[in-house]
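First up is the structure itself, then whatever we jot down about it.
FYI, it's all coordinate maths here, none of it is from the lab. All figures in this text were calculated on a predicted structure; none of them were measured in a lab. As a convention, Cβ positions derive from the backbone with ideal geometry for all residues, glycine included, and neighbour counts pool all protein chains shown.
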Amino acid sequence: MKQINSPDAPGAIGPYSHAYVLNGVVFTSGQIAALPQGGPLPEGIEAQAEQSCRNVGAVLKAAGSDYEHVIKTTCFLADMKDFAAFNSVYEKYFVSKPARSCVAVKTLPAGALCEIEAIAELTE
């Protein structure tokens, strides 16, 4: 088992790591739209979905994978009214259409509007 922490993704805001690799599979922690360099979250669901996807990509890259090797995502939305707008961004990154669950939750860390976690196979 190998712990992964990417310098290109925002630091964890709790006692967890960005991802773990086990038996050729990457399991990422959920990524909100926090900026790697810090600062406030972007405004609006589209901007937050973009940043969340970029953060997942940075973690996948650090682990030795990429979007095309994602087999499952779990997506959390603060408001299901954002479902269509979230999908319009998500589909630009996860073009292989991995299996996915998408649920509305009461709140997300730091007031985020969305969070994405992924399971992927290694590319190396």
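Of note:
- Taking 0.36 nm per residue of sequence separation and removing the Cα-Cα distance, the Glu91/Tyr16 pair yields an extension gain of 24.3 nm.
- For the chain, the relative contact order works out to 33 percent when only alpha carbon pairs closer than 8 Å and six or more residues apart are counted.
- FRET efficiency for the pair Ser101 and Met1, taken as 1/(1 + (r/R0)^6) with r the Cβ-Cβ distance and R0 = 30 Å, rounds to 0.80.
- Antiparallel bridges, percent of DSSP beta bridges restricted to the chain (to nearest 5): 75 percent
- Neighbour net charge for Thr107 - beta-carbon separation under 15 angstrom, K R +1, D E -1: -2
- Ranked by the mean number of other Cβ atoms within 10 Å of their residues, highest first, the peptides 14-21, 116-123 come out as 116-123, 14-21.
- Over the chain, DSSP H runs of length four or greater, each weighted -39,500 (n - 2.57), average out per residue to a 222 nm ellipticity of -8000 deg cm²/dmol.
- Positive minus negative residues near Lys72 (Lys, Arg vs Asp, Glu; Cβ under 14 Å): -1
- Near Ala49, once Lys and Arg are set to +1 and Asp and Glu to -1 for all other residues with Cβ below 11 Å from its Cβ, the sum equals -3.
- Nearest-ten-degree value, helix 45-63 long axis tilted from longest Cα axis of the chain: 10 degrees
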